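Following: one structure in structure tokens, then a few remarks.
The values are calculated or read from the model by the stated rules, or taken from the named source; none is laboratory data. Because the structure is a prediction, the values reported are computed rather than measured. We place every Cβ from the backbone using ideal geometry, glycine too, and count neighbours over all the protein chains shown.
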Amino acid sequence: MTRIMTARAFAVVTALASACLLLSFVPCCNAQIILMREKDGKQIACTKSGLRGFGSFCGLDDEFYAYILLGTIFSVESTANDEYRIHFHADEIFRGKPSTDIFAVTNQGQCLPDLRPGDQWLAFLRSDPERGLVLAYENDSHPLNGNQDELVRLRRLAKMTDSGVLLGDVNWSHWHPNSGNTNGPVANYEIIATRKDDRTVRHVFTDKEGHFEFEPLPAGDYVIDSKSAPGVYTADEGNVKVNPHGCMKLNIALTADGILSGRVSTLDGKPVASRRVYALTVGEEDKGWMAQTTDEHGAFTFRGVNPGQYLLGIGTLNGTESSDPNISVYFPDALSVDRATVISLGNAEHLEGLKIVMPALPK
């Protein structure tokens, strides 16, 4: 399944806080989130990735970081480009073997919480060949205050020499049969982890917040499955590796089990392979689209499609996934959007056999 990509992926938010003013979320061309803030009388742009994958590291096995530690800030020195140089004392080391005194530079330092001597931080430091150790806003570092639960987890992981943790969240994505259009947690949802080498099966259910966590799992390769109810679909299943000292967080999204499938052909019925077919939402405030590529038979299938109205079309994407596709032919055989047929899809409805015909181009 290809996830739906929204042209306006994030809503405009305004909220006044005592330390800074969060003005808005806006997506940029390479799936990033840019948060505009006001700090010390200046407007600053704080950038994070907007991509969400099936799984993400949350343990001590993340090779992206050279060091993971609990450290006390000794001093903070301003440097060029509104960045800082920080002197840490390593109070407790979870990954790597740094010296007791550690010096790191910031990336997007103005976006970080206040860096104050005497404060303790959970520091996730990456190594840059030019800048040395980096404490980056866009990564996982944050003050210990308010994050004591994470410190407990890191200490727990440090003792797991032959096991790791698998946890995550299950959320409805846009719609589910009982409560209509919503995004929210799914309670009492079963997740199954099967170890590949000995076929050992573990089960866990989500709590009222949609969160789940397995008891520590022996290190190894696992297959994650979920028990979707009739009419509900998820693409968030598959292989997961559990490492010693490791933690993997899974993001499982449920949608209605709607299907749009069909075939692309020429006027004389020959299949059109390797063409991108787009399903574009109609009548929603936030326009979005999904994409699939036709196989050698010209066939395409969209799975996990939410109820609503859609236009199907063949086209190309100029730029990035936050751009709108350029459609050359709309379903069933229209060269312009005003002649296209709108497809209405009900809750978990399967619309199959949709035919898109490539018309002869005008001379």
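Would a scan of region 254-262 turn up a residue that is over 24 Å from the mean Cα position of the chain (by Cα) and either among the charged types (D, E, K, R) or in a loop (DSSP other than H, G, I, E, B) (or both)?
No, every residue in region 254-262 fails to be over 24 Å from the mean Cα position of the chain (by Cα) and either among the charged types (D, E, K, R) or in a loop (DSSP other than H, G, I, E, B) (or both).
Being touching a strand residue (DSSP E or B) at 6+ places or on another chain (Cβ under 9 Å), buried (at least 17 other Cβ atoms within 10 Å of the Cβ) and within 21 Å of Ser56 (Cβ to Cβ) is the requirement here; does Leu144 meet it?
The answer is no for Leu144.
Pairs needed: first member in region 201-220, in the same structural domain as Ile252 (by TED's automatic domain parsing) and on the phi > 0 side of the Ramachandran plot; second member anywhere, part of a loop (DSSP other than H, G, I, E, B) and surrounded by 13 or more Cβ atoms within 10 Å (Cβ to Cβ); C-beta distance under 7 Å; at least 6 residues apart or different chains.
Note: pairs meeting the criteria are Gly210/Val186; Gly210/Ala187.
This table checks each residue for (1) small (Gly, Ala, Ser); (2) loosely packed, with under 15 Cβ neighbours inside 10 Å; (3) closer than 29 Å to Ser163 by Cβ.
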| position | (1), (2), (3) |
| --- | --- |
| Ser78 | yes, yes, no |
| Asp82 | no, no, no |
| Gly118 | yes, yes, no |
| Arg126 | no, no, yes |
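If the Cβ limit is 6 Å and pairs must be 6+ apart or interchain, which residue in region 240-256 that is over 30 Å from His350 (Cα atoms) pairs with which residue that is among the β-branched types (Val, Ile, Thr) and surrounded by fewer than 23 Cβ atoms within 10 Å (Cβ to Cβ)?
Within 6 Å, the pairs are Val240/Ile224; Pro244/Thr161; Cys247/Val165; Met248/Val240.
Could you please let me know if Leu60 is assigned to a loop (DSSP other than H, G, I, E, B), surrounded by 18 or more Cβ atoms within 10 Å (Cβ to Cβ) and not assigned by TED's automatic domain parsing to the domain that holds Val240?
yes
State all residues of region 281-310 that are acidic (Asp, Glu) and either modelled with pLDDT of 95 or more or part of a strand (DSSP E or B) (or both); if no residue qualifies, say none.
Asp295, Glu296
Take the conditions without any contact (Cβ under 8 Å) to a residue 60 or more places away in the chain, more than 28 Å from Val232 (Cα to Cα) and assigned to a strand (DSSP E or B) and apply them to Ile314. Does it pass? I'd like the intermediate steps shown before the answer.
Numbers: without any contact (Cβ under 8 Å) to a residue 60 or more places away in the chain: yes; more than 28 Å from Val232 (Cα to Cα): no; assigned to a strand (DSSP E or B): yes.
Criteria not met by Ile314.
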